[in-house]
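The values are calculated or read from the model by the stated rules, or taken from the named source; none is laboratory data. Keep in mind it's a predicted model, so treat the numbers as computed, not measured. Note: ideal-geometry Cβ built from the backbone for every residue, glycine included; neighbour counts use all protein chains shown. Each accessible area value is taken on the protein alone, full model and side chains, heavy atoms only, with ligands, DNA and RNA left out. Shrake-Rupley method; radii C 1.70, N 1.55, O 1.52, S 1.80 Å.
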Amino acid sequence: MLPQTSQTVVLMERRSSLSLVDLSLRVINVGGDPQALNQVMASAQRGEMPTYSERLGISKKEFLSYVVFQPTLAATNRTIRMSVSRDSHRVLFGDAPGMNGILKGVSIDLRTGEMRGPEGFSAKATSVAPSDAADRLLDVKSGFQWNIRGNNSATGNGVRGVLNLLQLSNGDIILSYSRNSMLHSITTKGELIVRYHR
């Protein structure tokens, strides 16, 4: 599941979206006013929070349940080549344009599954359960997660991060790493999410 050397990947980003399709279907089913629905849609397309109207034919409470912002994971139009080196025992991430140094120095031992970061700390992999639940961002078939935590005041190094390697039901793989890192008392934070196919 891990990326190959110079694997081309698609950069992903977190976005928020309104569940407007569900709202439209509900308003149509109850015979609500199409003009009121069009006003809601126009507001949302302008990036404004839509306002409730009784003409929609549903309660304000129900309306608000549809217009809550839902987190989604969306592909950008950018691709990058991953900087990855591997031997028979481990995969080591480097840096490349678009990776922003987020994975630089992270390695995964292919025998033990242990992840090690440049800060000097390590974490064991845990399995990710399959899920296609509505509240999940992704339709996950299988995967692994590493929760890395550590702090050493003597060296000025520390890290708090989560690395995910997920296989989706459609065969795509999502690799994400979100971390707060401190190297020699210099703090950085960031997140990288990529999608690829093996």
Computed for region 6-85: size of charge dipole around the Cα centre, +1 on C-beta of each Lys and Arg, -1 on C-beta of each Asp and Glu, debye to nearest 20, value 300 debye
Once 59, 24 are ranked on solvent-accessible area with the largest value leading and a 1.4 Å probe, the list reads 59, 24
Out of 110, 138, 98 - ranked by how far each Cα lies towards the positive end of the dipole of region 87-153, with unit charges on the beta-carbon of charged residues - the top one is 110
Expressed in square angstrom to the nearest 10, the accessible area of residue 64 with a 1.4 Å probe stands at 90 Å²
The percentage of the accessible area of region 26-107 (probe 1.4 Å, all protein chains present) made up of carbon and sulfur atoms, to the nearest whole number, is 49 percent
The chain, Gaussian network, Cα under 10 Å: of 34, 118, 97, the residue fluctuating most is 34
Helix 34-45 sits off the longest principal axis of the Cα atoms of the chain, rounded to the nearest 10 on a 0 to 90 degree scale, by 30 degrees
Helix 20-29: inclination vs the chain longest Cα principal axis, degrees, rounded to 10, gives 30 degrees
SASA check, residue 121, accessible area w/ 1.4 Å probe, all protein chains in place, rounded to nearest 10 Å², comes out at 40 Å²
With x for Gly and Pro, the residue-by-residue ³J(HN,Hα) of region 107-115, computed from phi through the Karplus equation 6.51 cos²θ - 1.76 cosθ + 1.60 at θ = phi - 60° and given in whole Hz, is 10, 10, 6, 6, 8, 9, x, 6, 9
Taking Cα pairs closer than 8 Å and at least 6 residues apart, the relative contact order of the chain in percent is 18 percent
Measure of exposure for residue 2: accessible area at 1.4 Å probe, Å² rounded to 10, is 20 Å²
For the chain, dividing by residue count, accessible area per residue (probe 1.4 Å) in Å² works out to 57 Å²
Yeah, region 1-90 with a ≥ b ≥ c from its alpha-carbon gyration tensor (a/c under 1.5 is rounded, else prolate when a/b outruns b/c, oblate otherwise) is prolate
Sorted by chain and number, the residues with a modelled amide H under 5 Å from that of residue 142, at a separation of 5 or more or across chains, are 167
The answer for residue 101, listing residues at least 5 apart or on another chain whose modeled amide H is closer than 5 Å to its amide H, is 96
Per the charge dipole of the chain (beta-carbon charges, Lys/Arg positive, Asp/Glu negative, Cα centre), the residue among 32, 169, 85 reaching farthest to the positive end is 85
The size of the Cβ-based charge dipole (Lys, Arg +1; Asp, Glu -1) of the chain about the Cα centre, to the nearest 20 debye, is 440 debye
Here P(r) for region 73-198, Cα-Cα distances in 10 Å bins, as whole percents, is 12, 41, 36, 10, 1
Residue span residue 36 to residue 62: 0.36 nm per residue of separation minus Cα-Cα distance leaves a gain in nm of 7.8 nm
Sorted by accessible surface (1.4 Å probe, heavy atoms of the protein chains only), largest first, 12, 182 come out as 182, 12
Residues of region 1-41 with backbone N under 14 Å of the label point set 7 Å from the Cα of residue 81 along Cα→Cβ are 4-9
